[in-house]
Amino acid sequence: MLRAAAASAPLAAAAAARRDASDASATKARRLPNPEATVRVENWRRGTDAHPFDAQADLDVVAELSQPLPVFGTWSSRRDEAAALSRAARATSRGEVEMVVLEAARLYLGAVRGQDLVAALTESRDVLGTMIATVEKRVAEGWSAEGDLLKLRAEHARSEALLARATLELGDAAARLAALLGEEAPVDPARLAMPPVPPLPDGEAEALGREAAATRPAVVEARERLEAARATLRLEKALRAPEPSLTAGYKRTGGLDTALAGISFPLPLFDTNASGVARGEAQVRAAEAVLRSVELETAAGTAGLVRAARTLSTRAEAATSGLLGSALGARGAARASFREGVSEVLPLVDAERVTAEAVRETLDLAVDARLATLAARFALGQEVLP
C-alpha cells in the first residue's frame with residue numbers, strides 16, 4: 001500500500017512533475033544564449049522625374065548576426081544557479097513523497113483501527129442487548145429493580161453512539177485512503193491488517209538525529225538553496241563588467257557587396273550593479289541562517305521522533321497485555337457474575353465502559369507507535385517501503 005502511494009498517488013505524481021520541470025530549467029541554463037539575426041533595408045525614397053527610384057542602386061541591404069559572449073562568468077553562474085535549484089527541487093520532491101507515504105500510512109492505520117474498534121463495539125452492543133432482554137424478564141418476575149434495566153438501556157444507547165461514530169471514522173479513513181491512491185471506490189477495510197512495528201537502530205536519540213540530519217530533504221533543500229544564492233552572487237558580480245556581443249554580417253550599398261563586423265557592449269556609467277551585489281550578499285547570509293536553523297530543527301525533530309517511537313512502542317506492547325488484558329478479564333468476570341445472578345448491573349456497566357475505553361486506548365497506542373516508528377525511519381534515512 002505504501003509503495004503504491006509513493007508510485008501512483010496523484011500528489012506523488014505532482015511532486016515528480018515539479019521535479020522534472022526544475023530539471024528542464026537546469027538543462028536550459030546549460031545552453032549558451034541564442035544569437036540574434038537582423039535584416040533591414042535602408043534608403044527607401046520617393047522617385048522623381050529627374051531622379052527615378054532605382055531599387056538596385058538606391059537601396060542598402062544589411063544582414064547582421066549578433067552573438068552575446070558571456071566571457072565574464074555570467075553563463076557559468078546562471079548554469080550553477082539552475083543546477084543548485086534543480087537539486088533543491090529534487091530534495092523538495094523527495095520530502096513531498098515522504099509526506100504522501102506518511103499520510104497513506106496514517107489513513108491505512110486509521111482504517112485498521114476503525115475496523116477493530118467497530119468489531120469490539122459491535123460485540124459489546126450485542127452482549128448488552130442480550131442482557132437487556134434478560135433483565136427485562138427479571139424485572140417482570142420481580143427479581144430485579146427497574147433501575148437496573150434503565151442503566152443497561154443507557155449503556156446500550158451509549159455503545160450505539162460510540163459504534164456509529166467509529167463506523168463513520170472507518171468509512172472516512174477508507175474513502176480518504178482511496179482518494180490519496182487515486183482510486184474512486186473506498187478501500188475495503190477487510191483487506192487491511194495491523195502491521196508489526198518495524199525496528200529502529202540502537203543508539204542515543206540525539207546522536208542519531210545529528211547523524212541523519214545532513215541527508216534529510218529539508219536540509220538538502222536548504223543547502224542547495226544556499227549554493228544557488230552563492231551562484232546568484234557570482235552572477236551579480238559578473239554583471240558589473242559589461243557583457244559584449246559580437247556582430248558580423250553582410251551589407252549591399254550602391255550595388256556593392258561588403259562585409260561588416262563589430263562588437264558592442266553596454267557602458268556602465270550610471271549603474272555598476274552595486275545594488276545587485278548587495279542583494280546577492282544579503283541572500284547568501286539569509287540562506288546560511290536558514291540552513292543552520294533547518295539543520296538544528298531537523299536534528300532535534302529526528303531525535304524527538306526516535307524517542308517517541310521507542311516510548312510508544314513500549315507502551316503499545318504493554319497495553320495489549322496489561323491494560324486491555326486486565327479490562328477484558330474484568331469484563332468477563334462481570335458478565336459471568338451477572339448471568340449467574342450474583343452481581344448487580346452497575347459493576348457490569350462499569351466493566352463494559354472500561355473495556356471500551358481500553359480497546360480504544362490500545363488501538364490508539366498501536367497506531368501512534370507505528371506512525372512514529374515510520375516517521376523515525378524516514379528521518380533516519382532507513383528503508384520504509386516493503
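The values are calculated or read from the model by the stated rules, or taken from the named source; none is laboratory data. The shown structure was predicted, so the numbers you read here are calculated from the model rather than taken from an experiment. Glycine gets a Cβ as well: all are built from the backbone with ideal geometry, and neighbour counts include every protein chain shown.
Can you find a residue in the range 46-62 that is in contact with a Leu (Cβ under 7 Å, 6 or more places away or on another chain) and at pLDDT 90 or above?
no
Of everything in the range 209-252 that's among the aliphatic types (A, V, I, L, M) and touching a strand residue (DSSP E or B) at 6+ places or on another chain (Cβ under 8 Å), which residue is farthest from P68 (Cα to Cα)? Steps first, please.
Applying the first criterion (among the aliphatic types (A, V, I, L, M)) to the range 209-252 yields 212-214, 218-220, 222, 226, 228-229, 231, 233, 235, 238-239, 241, 246, 248.
From the residues that got through so far, the ones that are touching a strand residue (DSSP E or B) at 6+ places or on another chain (Cβ under 8 Å) too are 246, 248.
Values: L246: 6, A248: 12 Å.
Out of the qualifying residues, it is A248.
In the range 34-45, how many residues are at pLDDT 85 or above and assigned to a loop (DSSP other than H, G, I, E, B)?
Qualifying residue count for the region: 2.
Need the failing condition index for A289 against (1) part of a loop (DSSP other than H, G, I, E, B); (2) within 30 Å of T232 (Cβ to Cβ), just the number.
For A289, the exception is condition (1).
How many residues does the range 329-355 contain that are in contact with a helix residue (DSSP H, G or I) (Cβ under 6 Å, 6 or more places away or on another chain) and among the hydrophobic types (A, V, I, L, M, F, W, C)?
Of the residues in that region, 8 qualify.
Considering T74, T92, which residue is touching a residue at least 24 places away in the same chain (Cβ under 8 Å), crowded, with 20+ Cβ neighbours inside 10 Å and under 30 Å from A12 (Cα atoms)?
Sole residue among the options that is touching a residue at least 24 places away in the same chain (Cβ under 8 Å), crowded, with 20+ Cβ neighbours inside 10 Å and under 30 Å from A12 (Cα atoms): T92.
Would you mind telling me which numbered condition in (1) buried (at least 21 other Cβ atoms within 10 Å of the Cβ); (2) not in a helix (DSSP H, G or I) L374 fails?
The number of the failed condition is (2).
Would you check if P242 is without any contact (Cβ under 8 Å) to a residue 24 or more places away in the chain and either hydroxyl-bearing (S, T, Y) or out of contact with any Gly (no Cβ under 7 Å at 6 or more places or on another chain) (or both)?
no
Filter the range 325-367 down to residues that are in contact with a Lys or Arg (Cβ under 9 Å, 6 or more places away or on another chain), part of a helix (DSSP H, G or I) and farther than 21 Å from S159 by Cα, then give me how many there are.
The total comes to 3.
Please work out which residue is surrounded by the fewest Cβ atoms within 10 Å (Cβ to Cβ), limiting yourself to the range 232-273 and to residues that are part of a helix (DSSP H, G or I) and of a type outside the set (K, R).
A238
Tell me the residue from L246, L235, L260 that is in contact with a helix residue (DSSP H, G or I) (Cβ under 6 Å, 6 or more places away or on another chain), among the aliphatic types (A, V, I, L, M) and at pLDDT 85 or above, please.
L235 is the lone residue from the list that is in contact with a helix residue (DSSP H, G or I) (Cβ under 6 Å, 6 or more places away or on another chain), among the aliphatic types (A, V, I, L, M) and at pLDDT 85 or above.
Return the residue satisfying two criteria in turn: it lies in the range 117-175 and is buried (at least 19 other Cβ atoms within 10 Å of the Cβ), of a type in the set (S, T, Y) and within 40 Å of the chain's Cα centre (by Cα), and of such residues it is nearest to A351 (Cα to Cα).
So the residue we want is S124.
Those residues that are among the hydroxyl-bearing types (S, T, Y) and either touching a residue at least 24 places away in the same chain (Cβ under 8 Å) or touching a Phe, Trp or Tyr at 6+ places or on another chain (Cβ under 9 Å) (or both), I need them from the range 262-292; list them, please.
Listed by number, the residues that qualify are S264, T272.
Considering only residues that are under 19 Å from E123 (Cβ atoms) and touching a residue at least 60 places away in the same chain (Cβ under 8 Å), which ones fall in the range 346-363?
L348, V349, E352, R353, T355, A356, V359, R360, L363
Going by the conditions given, is R240 basic (K, R) and more than 29 Å from T298 (Cβ to Cβ)?
Yes: the conditions hold for R240.
Output the residues belonging to the range 185-231 that are farther than 30 Å from T92 by Cβ and either part of a helix (DSSP H, G or I) or under 23 Å from the mean Cα position of the chain (by Cα) (or both).
Within the range 185-231, P186, P189, A190, R191 qualify.
Of all residues being surrounded by 11 or more Cβ atoms within 10 Å (Cβ to Cβ) and among the polar types (S, T, N, Q) in the range 274-293, which is farthest from R78 (Cα to Cα)? Just the residue, please.
The extreme case among them is S293.
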